[in-house]
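The values are calculated or read from the model by the stated rules, or taken from the named source; none is laboratory data. Remember, predicted model here, so these are calculated numbers, not experimental data. With ideal geometry, Cβ positions are generated from the backbone for all residues, glycine too; neighbour counts draw on all protein chains shown. Just the protein is used for accessible areas: all its heavy atoms, side chains included, with ligands, DNA and RNA removed. Shrake-Rupley method; radii C 1.70, N 1.55, O 1.52, S 1.80 Å.
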Amino acid sequence: MIRTKSIAFKLAFAILASSTLLFMIIFGYNYAVTRNMLEEKIRDSASNMMYRVANRIESILKVAQSVPQNLVYNLENDPAYDYETIRKLLYTSVANNAEIYGAAAALEPFVIDKYTPGFVAYYYKSDGKILSTWLDEKNSYFLSDWYQIPREIDRAVWSNPYYDESGGKVIMATYSVPLHGIRDGRRKIVGIVTADVSLEWLEAMVSSIKVGKTGYGFIISRSGSIITHPVKSLIMNETIFDIAEARGDRQLRDIGKEMIKGNSGFAPSTSIVTGKKCWIAYVPLSDSGWSLAVVFPQNELMSDIIELNTIVFCLGILGFIVLLAVIIYISHSITRPISVLSRTTRDIAKGDLNFKLTPVAGIKDEVGELTESFIYMRDALKKYIKDLTETTAVKERMESELRIAHDIQLSLVPKIFPPFPNNEEFDIYAVLEPAKEVGGDFYDFFFVDETHFCVVIGDVVGKGVPAALLMAVVKTLVKTYAVETKRPELILEKVNKEIARDNEACLFVTVFLGILDIKTGDFAYANAGHN
């Protein structure tokens, strides 16, 4: 019968805590492994997608870069170029290259002729036609980034995206290449040749990136400005750092720093569009200095694994409920006889040791043994309380005697300061604080005669009453022999002979004794017990 089995046997059918722990370990391990596998797959997929899109963008940008490079090559190899030559080259370049929006040649003052202080020829596309505009120094093109930066560093460079007010009236980026020529007998920069790329095709290409329902791509410039983004109001108006600052998003700020450094990576963040957790994969567009990023929504990409783990968790909860029901049933059969012991425990806590308790009939397991233990504890407690009462009375009496001894010991040493107010030759102060109620430390001072003042400090080995008794003896002997002689070493020698006689406990004392002649200021002293 189950009544004859042990409690351990009854609970062996359902160890709830162990089962729950095992379930959580399996569930957690399964979730972690599947999540890591999925994240790795997403990371690989993101890397492939990023590099495909980046290669497409860079291939178009390379074509755009080749246009001004070819123009520069042609112009530098034809030093006698004029308006007509520049016009034909620009028109042909814009007409034959679908990747660029426009092209321009901006010259230094008086390069064309000695009458022209500044000149810019610009050809661009509009409604299927190729239009041109002619600018001069009044347009301040010398101060524009697309002109000034490549002129200063003397190398080709992509500008940050900008809205072209003077030419094409669209948002664009410009690739500028320095044009060299011979002036005053030296090779110098004589102008800048550019190719403009409209961001409309770039926006369309990046917008075609779809990851789930809310994933998207965007591009930032080398300074962090938003070039393309699903939220149109951000384009050319905000930087990734402005957004991170406004949202208090440190992760986004760190990602922005890595992007403008030209690094690639895959990091967790929060979507600017939805505000939900996501991963951001980013890769540099090396030629332009821009950086492409793709946002991968976590909740959408992890939906399958979340759904699977939700089902597993629900099944686990169902099993937990069934297991809990079994344990409650078994525990109830065990706790009924224990409730009697529980009530008895409350009586014991109240100090009632006269309870009556007999083993539960028919139960031979741990509950029966526990009942017999309660009976044994009752009898043992009664005996212990009786002994404790007697011991406490003895202890209190001893403590009272020790307190009296403590007071007596402290009364043996001088406590009034200053002790000799009429003697201005010296000042003296002392205090005694025994480590226990009584101890072997002591001090004393007294006049041997009218001109000799004796000081003694001692420490008896050990603590407690034996040390205190020896301390009193030594103090008395010192005072007695100090009257006979004023030599410290002789005083201590006599004291030593007395305390060494019949000293079966082998107690000893360390003493410092000194005698001050208050007229001459001479101080004679001796150590005893230790050097």
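Residue under question is PHE442, and the condition is that it be over 26 Å from MET398 (Cα atoms) and among the hydrophobic types (A, V, I, L, M, F, W, C); does it hold?
Considered against the rule, which asks whether it is over 26 Å from MET398 (Cα atoms) and among the hydrophobic types (A, V, I, L, M, F, W, C), PHE442 comes out as no.
PRO466 is checked against (1) farther than 28 Å from GLU399 by Cβ; (2) surrounded by fewer than 16 Cβ atoms within 10 Å (Cβ to Cβ) and fails just one. What number does that condition carry?
(1)
Taking ASP517 as meeting all but one of (1) open to solvent by 50 Å² or more (accessible area, probe 1.4 Å); (2) closer than 15 Å to THR451 by Cα, write down the number of the exception.
(1)
Within region 123-153, take every residue that is open to solvent by less than 50 Å² (accessible area, probe 1.4 Å) and closer than 18 Å to GLN65 by Cβ and give me the one that is modelled with the lowest pLDDT.
Only one residue fits best here, namely TRP146.
Considering only region 410-437, state which residues are among the small types (Gly, Ala, Ser) and within 54 Å of the chain's Cα centre (by Cα).
ALA430, ALA435 - these are the residues of region 410-437 that are among the small types (Gly, Ala, Ser) and within 54 Å of the chain's Cα centre (by Cα).
Restricting to region 19-47, count the residues that are open to solvent by 60 Å² or more (accessible area, probe 1.4 Å), closer than 14 Å to PHE320 by Cα and at pLDDT below 75.
The number of residues fulfilling the criteria is 0.
Restricting to region 154-185, and then to whatever is modelled with pLDDT under 85 and on the phi > 0 side of the Ramachandran plot, can you tell me which residue is least open to solvent (accessible area, probe 1.4 Å)?
Of everything passing the filter in region 154-185, GLY185 is least open to solvent (accessible area, probe 1.4 Å).
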